[in-house]
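Worksheet: the structure to be examined is printed underneath.
What follows draws every value from the coordinates through simple rules; no lab data is involved. Small disclaimer: the values here were computed from a predicted structure and weren't measured. We place every Cβ from the backbone using ideal geometry, glycine too, and count neighbours over all the protein chains shown.
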């Protein structure tokens, strides 16, 4: 299908606004439950007008995930990797992730919701969600590898396991905070991260 997305500054601004609203809606309904009609109403346009920017719901879902990733890179990865290599960088990843997940754009929780919606549904949306989560886990694992190389973590640390546990803490925090409305979700998560880091430290 040819690309019929409107071009130019006005078209790009409209597209960006649609994606901003879509991220907000997806956090409430999930990517699969996101209604094109509801989104068009929020954007103050017709369904056909919205489809002029996104050829299908699937294309919109993929664009929402791309927008979430872009926000993640800018809000989490870029500032975190400005921290010194090793443990300081890992600590910044943990702190900035939780902050990003609570931003008004709700980019973080839309990714979390998509992981549940599409975990067993093949297709481009599933593949994009899987790639994003795998990248996040690998980011933690690579940061742990650097900590080992810097002599801050023990040489026998399983860095793949470290990434897995770091991601697990993120999931647990998200459920406690959003589903259970637990006020201590953030403190529990940070305690878990501190414990994970301390267990990985090199002795002496």
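Annotations for the structure displayed:
- For the chain, the longest principal axis of the C-alpha atoms and the axis of helix 124-149 are separated by about 20°.
- Between helix 8-33 and the chain: long-axis angle, C-alpha atoms, 0 to 90°, nearest 10: 70
- Look at (i) 65, 35, 30; (ii) 54, 31, 31; (iii) 57, 34, 25: the one that is Cα extents along the principal axes in Å derived from this structure is (i).
- Angle between the chain longest axis and helix 87-101 axis [Cα atoms, degrees, rounded to 10]: 30
- When the Gaussian network model of the chain links Cα atoms closer than 10 Å, the mean-square fluctuations of 178, 142, 20 top out at 178.
- The range 63-200, relative contact order [Cα under 8 Å, separation at least 6], %: 22
- Neighbour counting of Cβ atoms within 10 Å sorts the residues 154, 110, fewest neighbours leading, into 154, 110.
- Per-residue Cβ neighbour rank within 10 angstrom, fewest leading, 97, 167: 167, 97
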